[in-house]
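Taking it in order: structure first as C-alpha coordinates, then the write-up.
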Amino acid sequence: MLKYFFILLICLWSALSVAEQDFRVVTENHPPVQYLHQGKISGPATEIVRDLLKRTEIEARIELMPWARAYDIALNRPKVLIYSMFRTPEREDKFYWLRSVSEHKVAVLALRERDDLDFRQLSDAKPHLFAVIRGAYSLDYLKKAGFSEQQNLFIAATMNEQVDLLLKGKVDLLFTDPATVRYRLEQLGHAPEQVKVVLELPELAQDLYLAVSLDTAPYWIEKLQQAVKQQRADGI
(Lines give C-alpha, C1' and ligand atoms only; values in the text may rest on other atoms or scores of the structure.)
Protein backbone atom coordinates (compact mmCIF):
# COMPACT_ATOMS: atom_id res chain seq x y z
CA MET A 1 0.00 0.00 0.00
CA LEU A 2 2.83 2.38 0.93
CA LYS A 3 4.57 1.64 -2.38
CA TYR A 4 1.47 2.68 -4.35
CA PHE A 5 1.23 5.85 -2.27
CA PHE A 6 4.80 6.84 -3.20
CA ILE A 7 4.16 6.05 -6.88
CA LEU A 8 1.09 8.29 -6.75
CA LEU A 9 3.13 11.08 -5.17
CA ILE A 10 5.80 10.83 -7.88
CA CYS A 11 3.19 10.96 -10.64
CA LEU A 12 1.48 13.92 -8.99
CA TRP A 13 4.79 15.77 -8.60
CA SER A 14 5.67 15.16 -12.26
CA ALA A 15 2.29 16.45 -13.41
CA LEU A 16 2.57 19.55 -11.25
CA SER A 17 6.11 20.18 -12.48
CA VAL A 18 4.99 20.19 -16.12
CA ALA A 19 1.91 22.29 -15.32
CA GLU A 20 4.07 24.78 -13.42
CA GLN A 21 6.13 25.34 -16.59
CA ASP A 22 3.19 25.86 -18.93
CA PHE A 23 5.45 27.56 -21.49
CA ARG A 24 4.62 28.35 -25.09
CA VAL A 25 7.09 29.00 -27.91
CA VAL A 26 5.72 30.95 -30.87
CA THR A 27 7.24 31.92 -34.20
CA GLU A 28 6.38 32.58 -37.85
CA ASN A 29 7.43 30.90 -41.06
CA HIS A 30 10.52 32.94 -41.95
CA PRO A 31 12.89 30.89 -44.11
CA PRO A 32 15.74 30.25 -44.09
CA VAL A 33 15.92 31.32 -40.41
CA GLN A 34 12.95 29.19 -39.32
CA TYR A 35 10.57 27.24 -41.52
CA LEU A 36 8.38 24.17 -41.76
CA HIS A 37 10.09 21.19 -43.42
CA GLN A 38 8.37 17.80 -43.72
CA GLY A 39 6.08 18.64 -40.82
CA LYS A 40 8.86 19.82 -38.52
CA ILE A 41 9.85 23.40 -37.67
CA SER A 42 13.51 23.70 -38.68
CA GLY A 43 16.19 26.28 -39.39
CA PRO A 44 19.24 27.66 -37.53
CA ALA A 45 17.22 29.90 -35.19
CA THR A 46 14.97 26.99 -34.26
CA GLU A 47 17.98 24.82 -33.40
CA ILE A 48 19.22 27.51 -31.00
CA VAL A 49 15.79 27.65 -29.35
CA ARG A 50 15.52 23.86 -29.07
CA ASP A 51 18.95 23.74 -27.44
CA LEU A 52 17.88 26.42 -24.95
CA LEU A 53 14.72 24.49 -24.08
CA LYS A 54 16.78 21.37 -23.48
CA ARG A 55 19.24 23.18 -21.19
CA THR A 56 16.44 24.72 -19.13
CA GLU A 57 14.35 21.51 -19.14
CA ILE A 58 11.37 23.48 -20.42
CA GLU A 59 8.86 21.22 -22.14
CA ALA A 60 7.13 23.24 -24.85
CA ARG A 61 6.06 22.66 -28.43
CA ILE A 62 7.15 25.30 -30.94
CA GLU A 63 4.06 26.77 -32.62
CA LEU A 64 4.13 28.22 -36.13
CA MET A 65 1.59 30.99 -36.86
CA PRO A 66 1.17 34.40 -38.55
CA TRP A 67 3.48 36.97 -36.99
CA ALA A 68 0.74 39.31 -35.75
CA ARG A 69 -0.82 36.48 -33.75
CA ALA A 70 2.52 35.28 -32.35
CA TYR A 71 3.42 38.81 -31.28
CA ASP A 72 0.04 39.37 -29.62
CA ILE A 73 0.35 36.14 -27.62
CA ALA A 74 3.87 36.98 -26.43
CA LEU A 75 2.87 40.55 -25.60
CA ASN A 76 -0.16 39.65 -23.49
CA ARG A 77 0.56 36.29 -21.84
CA PRO A 78 3.21 35.08 -19.38
CA LYS A 79 5.71 32.30 -20.11
CA VAL A 80 5.85 32.83 -23.86
CA LEU A 81 9.09 32.62 -25.83
CA ILE A 82 9.03 34.33 -29.24
CA TYR A 83 11.52 34.39 -32.12
CA SER A 84 12.91 35.72 -34.49
CA MET A 85 12.09 39.34 -33.60
CA PHE A 86 13.51 42.76 -34.36
CA ARG A 87 14.66 44.55 -31.21
CA THR A 88 13.28 48.04 -31.74
CA PRO A 89 13.03 50.99 -29.31
CA GLU A 90 9.23 50.57 -29.28
CA ARG A 91 9.54 46.92 -28.22
CA GLU A 92 12.50 47.29 -25.85
CA ASP A 93 10.55 47.46 -22.57
CA LYS A 94 7.83 45.01 -23.62
CA PHE A 95 9.94 41.82 -23.38
CA TYR A 96 12.95 40.27 -21.71
CA TRP A 97 15.50 39.97 -24.51
CA LEU A 98 17.50 36.75 -24.26
CA ARG A 99 19.82 36.59 -27.27
CA SER A 100 20.20 37.11 -31.01
CA VAL A 101 19.43 34.08 -33.15
CA SER A 102 20.06 35.37 -36.68
CA GLU A 103 20.85 38.40 -38.82
CA HIS A 104 18.26 40.04 -41.08
CA LYS A 105 19.11 42.10 -44.14
CA VAL A 106 16.62 44.49 -45.71
CA ALA A 107 16.18 45.53 -49.34
CA VAL A 108 13.48 46.63 -51.75
CA LEU A 109 12.67 43.83 -54.20
CA ALA A 110 10.69 43.61 -57.42
CA LEU A 111 10.07 41.20 -60.29
CA ARG A 112 13.09 41.05 -62.60
CA GLU A 113 10.97 42.09 -65.58
CA ARG A 114 10.17 45.45 -63.98
CA ASP A 115 12.76 47.61 -65.75
CA ASP A 116 10.77 50.71 -64.88
CA LEU A 117 11.68 50.49 -61.19
CA ASP A 118 14.92 52.27 -60.37
CA PHE A 119 15.35 54.01 -57.02
CA ARG A 120 18.17 56.01 -55.45
CA GLN A 121 16.46 56.21 -52.06
CA LEU A 122 13.45 54.69 -50.32
CA SER A 123 11.26 57.76 -50.76
CA ASP A 124 11.52 57.31 -54.56
CA ALA A 125 9.36 54.18 -54.18
CA LYS A 126 6.34 56.01 -52.70
CA PRO A 127 4.36 56.01 -55.99
CA HIS A 128 4.43 52.18 -55.95
CA LEU A 129 2.60 49.54 -53.92
CA PHE A 130 4.44 47.42 -51.31
CA ALA A 131 3.26 44.17 -49.73
CA VAL A 132 4.18 44.03 -46.03
CA ILE A 133 3.29 41.60 -43.25
CA ARG A 134 0.84 42.68 -40.57
CA GLY A 135 2.57 43.43 -37.26
CA ALA A 136 6.04 43.20 -38.80
CA TYR A 137 8.95 45.57 -38.30
CA SER A 138 8.87 46.41 -42.02
CA LEU A 139 5.34 47.80 -41.71
CA ASP A 140 6.28 50.03 -38.76
CA TYR A 141 9.42 51.24 -40.53
CA LEU A 142 7.64 52.14 -43.78
CA LYS A 143 4.89 53.98 -41.93
CA LYS A 144 7.50 56.07 -40.12
CA ALA A 145 9.10 56.77 -43.50
CA GLY A 146 5.87 58.31 -44.76
CA PHE A 147 4.16 55.31 -46.38
CA SER A 148 0.53 54.45 -45.55
CA GLU A 149 -2.05 51.71 -46.01
CA GLN A 150 -4.28 54.17 -47.82
CA GLN A 151 -1.69 54.90 -50.51
CA ASN A 152 1.16 52.44 -50.95
CA LEU A 153 1.04 49.58 -48.42
CA PHE A 154 -0.86 46.32 -48.94
CA ILE A 155 -1.08 44.26 -45.73
CA ALA A 156 -0.41 40.52 -46.00
CA ALA A 157 -0.77 37.90 -43.25
CA THR A 158 2.23 35.73 -44.15
CA MET A 159 5.41 35.63 -46.22
CA ASN A 160 3.75 33.20 -48.64
CA GLU A 161 0.93 35.67 -49.29
CA GLN A 162 3.46 38.49 -49.67
CA VAL A 163 5.43 36.63 -52.34
CA ASP A 164 2.26 35.47 -54.08
CA LEU A 165 1.03 39.06 -54.37
CA LEU A 166 4.29 40.05 -56.04
CA LEU A 167 4.27 37.13 -58.48
CA LYS A 168 0.69 37.87 -59.52
CA GLY A 169 1.49 41.52 -60.11
CA LYS A 170 -0.94 42.73 -57.44
CA VAL A 171 1.87 44.69 -55.76
CA ASP A 172 5.03 46.23 -57.15
CA LEU A 173 7.52 45.77 -54.32
CA LEU A 174 8.58 43.88 -51.22
CA PHE A 175 10.54 45.30 -48.29
CA THR A 176 12.30 42.38 -46.62
CA ASP A 177 15.31 40.06 -46.59
CA PRO A 178 16.23 38.92 -50.15
CA ALA A 179 17.38 35.52 -48.85
CA THR A 180 13.96 34.88 -47.35
CA VAL A 181 12.15 35.71 -50.59
CA ARG A 182 14.48 33.60 -52.74
CA TYR A 183 14.11 30.62 -50.42
CA ARG A 184 10.34 30.96 -50.50
CA LEU A 185 10.35 31.13 -54.33
CA GLU A 186 12.32 27.88 -54.48
CA GLN A 187 9.86 26.21 -52.10
CA LEU A 188 6.97 27.32 -54.31
CA GLY A 189 8.66 25.93 -57.42
CA HIS A 190 9.75 29.27 -58.90
CA ALA A 191 13.20 30.39 -59.98
CA PRO A 192 14.79 32.71 -57.37
CA GLU A 193 16.03 34.84 -60.25
CA GLN A 194 12.47 36.00 -60.89
CA VAL A 195 13.03 38.62 -58.18
CA LYS A 196 15.73 41.27 -58.08
CA VAL A 197 16.96 43.84 -55.56
CA VAL A 198 16.12 47.35 -56.76
CA LEU A 199 17.39 49.17 -53.67
CA GLU A 200 19.90 47.88 -51.13
CA LEU A 201 19.56 49.19 -47.58
CA PRO A 202 22.62 47.88 -45.69
CA GLU A 203 22.08 50.40 -42.89
CA LEU A 204 18.88 48.54 -41.92
CA ALA A 205 20.57 45.16 -41.39
CA GLN A 206 20.21 44.01 -37.78
CA ASP A 207 20.02 40.99 -35.54
CA LEU A 208 16.84 39.03 -34.89
CA TYR A 209 16.19 38.03 -31.28
CA LEU A 210 14.66 35.44 -29.01
CA ALA A 211 12.64 37.09 -26.24
CA VAL A 212 10.32 36.07 -23.41
CA SER A 213 7.13 37.78 -22.23
CA LEU A 214 7.32 40.27 -19.36
CA ASP A 215 5.00 38.56 -16.88
CA THR A 216 7.23 35.49 -16.73
CA ALA A 217 8.41 34.69 -13.19
CA PRO A 218 11.97 35.85 -12.25
CA TYR A 219 12.94 32.21 -11.59
CA TRP A 220 12.42 31.35 -15.26
CA ILE A 221 14.06 34.53 -16.52
CA GLU A 222 17.18 33.73 -14.51
CA LYS A 223 17.17 30.12 -15.67
CA LEU A 224 16.87 31.16 -19.32
CA GLN A 225 19.60 33.79 -18.98
CA GLN A 226 21.96 31.27 -17.39
CA ALA A 227 21.28 28.83 -20.23
CA VAL A 228 22.10 31.58 -22.76
CA LYS A 229 25.44 32.14 -20.99
CA GLN A 230 26.13 28.41 -21.27
CA GLN A 231 25.31 28.49 -24.98
CA ARG A 232 27.74 31.33 -25.58
CA ALA A 233 30.44 29.55 -23.60
CA ASP A 234 29.85 26.51 -25.84
CA GLY A 235 30.05 28.63 -28.99
CA ILE A 236 26.34 28.40 -29.84
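The values are calculated or read from the model by the stated rules, or taken from the named source; none is laboratory data. Every value quoted in this text rests on a predicted model; they were computed, and no experiment measured them. Please note: Cβ atoms are built from the backbone with ideal geometry, for glycine as well, and neighbour counts cover all protein chains shown.
Scanning segment 135-167 for residues that are assigned to a strand (DSSP E or B) and either aromatic (F, W, Y) or touching a Pro at 6+ places or on another chain (Cβ under 7 Å) (or both) yields a single hit, F154. Within segment 85-100, the presence of a residue that is surrounded by fewer than 19 Cβ atoms within 10 Å (Cβ to Cβ), touching a residue at least 24 places away in the same chain (Cβ under 8 Å) and among the aliphatic types (A, V, I, L, M) is excluded. Report yes if some residue within segment 112-130 is at negative phi, surrounded by 14 or more Cβ atoms within 10 Å (Cβ to Cβ) and assigned to a strand (DSSP E or B); otherwise report no. Yes, because at least one residue in segment 112-130 is at negative phi, surrounded by 14 or more Cβ atoms within 10 Å (Cβ to Cβ) and assigned to a strand (DSSP E or B).
Scanning segment 19-51 for residues that are of a type in the set (A, V, I, L, M, F, W, C) and assigned to a helix (DSSP H, G or I), which turns out surrounded by the fewest Cβ atoms within 10 Å (Cβ to Cβ)? Across segment 19-51, the extreme among qualifying residues is A19. The condition of being assigned by the TED database to the domain that holds I155, modelled with pLDDT under 95 and within 19 Å of the chain's Cα centre (by Cα) holds for Y137. Taking segment 156-189 as the range and being touching a strand residue (DSSP E or B) at 6+ places or on another chain (Cβ under 9 Å) and at positive phi as the test, only G169 passes. Restricting attention to segment 139-154, the residues that are touching a residue at least 24 places away in the same chain (Cβ under 8 Å) and crowded, with 21+ Cβ neighbours inside 10 Å add up to 1.
Comparison of T216, T158 shows that the only residue that is of a type in the set (S, T, Y), out of contact with any His (no Cβ under 6 Å at 6 or more places or on another chain) and assigned by the TED database to the domain that holds R77 is T216.
Among the conditions (1) of a type in the set (D, E); (2) under 12 Å from V108 (Cβ atoms); (3) at pLDDT 95 or above, E149 misses just one, which is (2).
Sort out which residues of segment 86-101 are under 17 Å from the mean Cα position of the chain (by Cα) and under 20 Å from W220 (Cα atoms), and write them in order of number. Listed by number, the residues that qualify are E92, K94, F95, Y96, W97, L98, R99, S100, V101.
For segment 6-26, name all the residues that are of a type outside the set (K, R), out of contact with any Leu (no Cβ under 6 Å at 6 or more places or on another chain) and either modelled with pLDDT of 50 or more or closer than 29 Å to L188 by Cα (or both). Hits for segment 6-26 are E20, Q21, D22, F23, V26.
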